[in-house]
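Coordinate-derived values only; no laboratory data. Treat the numbers as computed from the prediction; the structure is a model and nothing was measured. Cβ placement follows ideal geometry from the backbone for every residue including glycine, while neighbour counts extend to all protein chains displayed.
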Amino acid sequence: MAYASRITAFRQLHEAGCFVMPNPWDVGSARWLRGQGFRALASTSAGFAFTQGRADQDVPRDMMLAHLAELVAAVPDLPVNADFENGYADMPDDVAANVKLCVATGVAGLSIEDATGRQDEPLYPFDLAVERIRAARKAIDETGSGVMLTARAEAFLTGHPDPLPEVTRRIAAFAEAGADVLYAPWVRTPEEISAIVAAAAGRPVNVVVFADFGLRVSDFAALGVRRLSTGGASARSAWAGFIESTRLIKDEGSFAGFLGNAGTAPLEPFFRDDLKARS
């Protein structure tokens, strides 16, 4: 398989320690992060959606698959993990079919969440959620790719009234169903993180750091976390700078919002050198 070396490298990153896997939202941000020395990247469904003028979870499957293939091609020596939403399907067989399409983009890993995207029933019922992960596992195994499967338990993110017990119950079941990595978005306290790590029963845990929790990489490592991602936080930060600078122009006629930004000086030489390195 053409992407085998990247999948092997990705698996090795999960064997020990704690690494940061930031989330680019387009080719430029992916190549910049590669240039900074990060050893793996992950897509962000929200960040990409914003580039298309869409809300998160409003990107069609085929548009997302094309984006993933573009990211993989942009950083040919790095593993890319796909934020693959809920697998773009409800039923396990349909999830499995879509997972195979995702694997074909060249990603080294992908995540499947247990959130439905519906307000009336934010989470899939427990048994169905587990079957969906089991189906994704079987689909990946059938490809023979070795792509890593991350199972996401979304109770914190969907406003569950008592999220931690529900998340830990699902994390344990997802691990048993064959997930390689476990992930519960929006946990933020050491106590919550420790409970997730315990529920994962030795399998790697991903924590998304979407704000300053007052913890450094070494602190997460001490809690037993193996992988850190940033989700849509970097994309939102970039948008925040853009929104504020344009607000100042419109409301005050001021260009002060440009002060202190990156400008073009460090970007153009970087991308020029990056292009030379890839040619």
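Other residues with beta-carbon under 12 Å from the beta-carbon of A135 carry, at +1 per Lys or Arg and -1 per Asp or Glu, a net charge of -1. Candidates A49, A9, A221 compared by Cα position along the dipole of region 4-235: farthest toward the positive end lies A9, with charges placed on Cβ.
Under a crude label model (7 Å from the Cα following the beta-carbon direction), how far is R278 from E70 in nanometres? Label-label distance for R278 and E70, simple model: 1.2 nm.
Where the only charges are on Cβ atoms (+1 Lys, Arg; -1 Asp, Glu), what is the dipole of the chain about its Cα centre, to the nearest 20 debye? Write out the running numbers ahead of the final one.
Details: 27 positive and 35 negative charges, 188 e Å.
Dipole about the Cα centre, nearest 20: 900 debye.
Pairing the Cα long axis of helix 190-199 with the longest principal axis of the chain, what angle in degrees results, from 0 to 90 and rounded to the nearest 10? Around 40 degrees separate the two axes. Every pair of different Cα atoms in region 129-184 enters the Kirkwood calculation, which places the hydrodynamic radius at 11.6 Å. In this structure, the amide hydrogen of E113, modeled 1.01 Å from its nitrogen in the peptide plane, lies closer than 5 angstrom to those of N86, G87, R152, counting only residues at least 5 positions away or on a different chain. For the chain, the fraction of C-alpha pairs more than 26 angstrom apart is 42%. Once you sort the root eigenvalues of the Cα gyration tensor of region 173-279 as a ≥ b ≥ c, which label holds: rounded (a/c under 1.5), prolate (a/b larger than b/c) or oblate (the other case)? It is prolate, given that a/c is not under 1.5 and a/b is the larger ratio. Between helix 61-74 and the chain there is an angle of about 60 degrees, using the helix long axis and the longest principal axis of the Cα atoms. The shape of region 70-217 can be summarised by an equivalent ellipsoid whose semi-axes, obtained from the alpha carbon gyration tensor, come to 24, 19, 14 Å from longest to shortest.
Working note: Karplus 6.51/-1.76/1.60 with θ = phi - 60° gives region 24-30 the couplings x, 10, 7, 4, x, 5, 5 Hz, where Gly and Pro are set to x. One quarter of the convex hull surface built on the alpha carbon atoms of region 8-158 amounts to 8.9 nm², the projected area averaged over directions.
What is the sum of charges around E192, taking Lys and Arg as +1, Asp and Glu as -1, for the other residues whose C-beta is under 13 Å from the C-beta of E192? That sum, taken over residues with Cβ under 13 Å, equals -2. Rounded to the nearest 5, the antiparallel percentage of DSSP beta bridges internal to the chain is 5%.
Between 0 and 90 degrees, the angle of helix 267-278 with respect to the longest Cα principal axis of the chain falls at about 60 degrees. Amide H contacts of M148 (H built 1.01 Å from N, in plane; Pro and chain starts excluded): G109, L110 sit under 5 Å, all sequence-distant by 5 or more or on other chains. Over the chain, DSSP H runs of length four or greater, each weighted -39,500 (n - 2.57), average out per residue to a 222 nm ellipticity of -14500 deg cm²/dmol.
Around R6, what is the net charge, scoring Lys/Arg as +1 and Asp/Glu as -1 over all other residues with Cβ under 13 Å from its Cβ? Mind dumping the intermediate values first?
Working: positive: R11, R34, R39; negative: D77.
Around R6, the surrounding residues sum to +2.
Taking the charge dipole of region 4-235 about its Cα centre, with +1 at Lys and Arg Cβ atoms and -1 at Asp and Glu Cβ atoms, the residue from A97, G232, N23 reaching farthest to the positive side is N23.
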